[in-house]
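Since every read-out is calculated from the coordinates, none of them should be taken as a lab result. The structure presented is a predicted model; accordingly, all values stated were derived computationally and were not measured. Here Cβ is always computed from backbone atoms with ideal geometry, including for glycine, and neighbour counts include all displayed protein chains.
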């Protein structure tokens, strides 16, 4: 069980009054790095599959012997990054690519600009709501894919 002092420190670090946006800024930087990784995956993937052929595979194909709902997205990202949008293997690739680009742009702007403590709570709430909607959309897509 967590001690009350640990819970108090967690609340203080996440508190809007404590250190405005410090944790939120770190979260933004982590999401920017993840988005950049996802966009760079088509460049990394061929090398990784040569170095680690038994590990660098789609877990869905390995475990279930069937493609996952996002099968082909890495290949499609390579096509989109090279300027081609035709003949994409997955219908969600262009949406995911656009979301990643927007994530990088918006979060870089937020991380670079000091947000006043009065507005950080609204910004964090809006961010969480938008991402809940996006995640909900993809959950529905996965459910539809498997049904």
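Where in region 43-80 does the amide nitrogen come within less than 17 Å of the point 7 Å from the Cα of residue 87, taken along Cα to Cβ? The answer is 72-80, whose backbone nitrogens lie closer than 17 Å to the label point. By the equivalent-ellipsoid construction on the alpha carbon gyration tensor, region 15-147 comes out with semi-axes of 32, 18, 15 Å, ordered largest to smallest. Short to long, the 5 Å bins of the Cα pair-distance histogram for region 54-101 hold 5, 22, 27, 20, 15, 10, 2 percent of all pairs.
Summarising the label geometry, the points placed 7 Å from Cα in the beta-carbon direction at residue 125 and residue 62 lie 4.3 nm from one another. Scaling the Cα radius of gyration of region 98-147 by the globular reference 2.2 N^0.38 Å produces a ratio of 1.47.
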